[in-house]
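Here is the structure we will look at.
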Amino acid sequence: MRFNTVGVDGFDVFYREAGPADAPVLLLLHGFPTASHMFRDLIPRLAGKYRVIAPDLPGFGQTFKSKGKFDYTFDNLAKVIDQFTDVLGLDHFALYIFDYGAPVGLRLARARPDRITAIITQNGNAYMEGFSDAWGTLQEYWADPTPAHREACRDLITRETIEQFQYFHGAPRDRVSPDGYELDIAYLTRRGADEIQLDLIYDYRKNIDAYPSFHGYFREHQPPLLAVWGKNDPAFIPSGALAYKKDLPNAEVHLLEAGHFALETHAAVIADTILDFLARH
């Protein structure tokens, strides 16, 4: 494993990399509220055959800049990651998208479809069918962005929610290491990190507006797609994985006895599934 930063649009984008420099590239995009460390168990399992690259998205992990110096929207996150791939000279790559990484990665694919060789979505939603009934507080904020509704969303970035909802819900609890959620919680205690996350929570509504364009990309370009999904995810339910087959009939769907952070408990299974899938695509 190698740990580097590269300058992109005023950010020092931190990324993890492993594997041969001349191997096919797999770009891993994390979600909320984590960073590239969520791939710490997956990357070594894939690096024998692939050049695996996992950046920290702007506002997360080691790629951090205070609010006011950057407008934290999903469009802007995608622009930074798109420039990141240009700086690293990534002309073609497969995408692994999770949670927030899904709308970021699918913006990249929609804009430059010829670069995308395959897509792996792990609890990375792109369909309305994928939403559980746990999104009520966010939907109220989207519909009426008052200070009170913004404050109500602050519960989503508390220790209790990150541990119990994000990590432990639906997962074999004795297989969830504290390393992941403790680091996520520590990152969220930085000055201004909470406001960045609240801005992104509000902007998330625009991802839903973008879903039809993502579906159009799927129908037109038919990228090979693997959905490997923690079926006990309290936010993105299995229907979201199965929905990909509406536009991608050849999509492969695997539902695991895991929660939202399926890699915490099923990294070996997910790695084997990815290796099999990419060997065929």
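Structure summary
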item	result
Members of segment 103-158 that are free of Cβ contacts under 8 Å to residues at least 40 places away in the same chain, under 24 Å from Glu195 (Cβ atoms) and under 20 Å from the mean Cα position of the chain (by Cα)	Thr158
Segment 159-178, residues that are open to solvent by 50 Å² or more (accessible area, probe 1.4 Å) and without any contact (Cβ under 8 Å) to a residue 12 or more places away in the chain	Glu160, Gln164, Arg173, Asp174, Pro178
Contacts under 8 angstrom Cβ, first residue in segment 265-280 being within 16 Å of Val52 (Cα to Cα) and touching a residue at least 60 places away in the same chain (Cβ under 8 Å), partner among the aromatic types (Phe, Trp, Tyr) and open to solvent by less than 50 Å² (accessible area, probe 1.4 Å), 6 or more apart	Ile274/Tyr96; Leu278/Tyr50
Of residues in segment 248-275 being open to solvent by 20 Å² or more (accessible area, probe 1.4 Å) and in a helix (DSSP H, G or I), the one nearest to Asp184 (Cα to Cα)	Glu264
Which listed residue, of Tyr202, Tyr211, is outside any loop (DSSP other than H, G, I, E, B), surrounded by fewer than 21 Cβ atoms within 10 Å (Cβ to Cβ), touching a Pro at 6+ places or on another chain (Cβ under 8 Å) and at negative phi	Tyr202
Residue match in segment 120-132 (condition: farther than 17 Å from Asp233 by Cα, modelled with pLDDT of 95 or more, of a type outside the set (Gly, Ala, Ser) and open to solvent by 30 Å² or more (accessible area, probe 1.4 Å))	no
Residue match in segment 97-115 (condition: out of contact with any Phe, Trp or Tyr (no Cβ under 8 Å at 6 or more places or on another chain), in a strand (DSSP E or B) and either open to solvent by 10 Å² or more (accessible area, probe 1.4 Å) or within 21 Å of Glu17 (Cα to Cα) (or both))	yes
When residues of segment 214-241 are limited to those that are assigned to a helix (DSSP H, G or I) and open to solvent by less than 40 Å² (accessible area, probe 1.4 Å), the one farthest from Ala94 (Cα to Cα)	Pro238
Filtered residues of segment 68-96 (kept if open to solvent by 10 Å² or more (accessible area, probe 1.4 Å) and in contact with a Ser or Thr (Cβ under 6 Å, 6 or more places away or on another chain))	His92
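This table checks each residue for (1) touching a residue at least 24 places away in the same chain (Cβ under 8 Å); (2) out of contact with any Lys or Arg (no Cβ under 9 Å at 6 or more places or on another chain); (3) on the phi < 0 side of the Ramachandran plot; (4) crowded, with 18+ Cβ neighbours inside 10 Å.
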residue: Asn4; (1), (2), (3), (4): no, no, yes, no
residue: Phe11; (1), (2), (3), (4): yes, no, yes, yes
residue: Glu17; (1), (2), (3), (4): yes, no, yes, yes
residue: Ala35; (1), (2), (3), (4): yes, yes, yes, yes
residue: Met38; (1), (2), (3), (4): yes, yes, yes, yes
residue: Gly61; (1), (2), (3), (4): yes, yes, no, yes
residue: Ser66; (1), (2), (3), (4): yes, no, yes, no
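The values are calculated or read from the model by the stated rules, or taken from the named source; none is laboratory data. Only a predicted model underlies this, so the values are computations on that prediction, with no experimental measurement involved. Positions of Cβ are generated from backbone atoms using ideal geometry, with glycine treated the same way; all protein chains shown enter the neighbour counts. Side chains included, ligands, DNA and RNA excluded: accessible areas come from the protein's heavy atoms. Shrake-Rupley method; radii C 1.70, N 1.55, O 1.52, S 1.80 Å.
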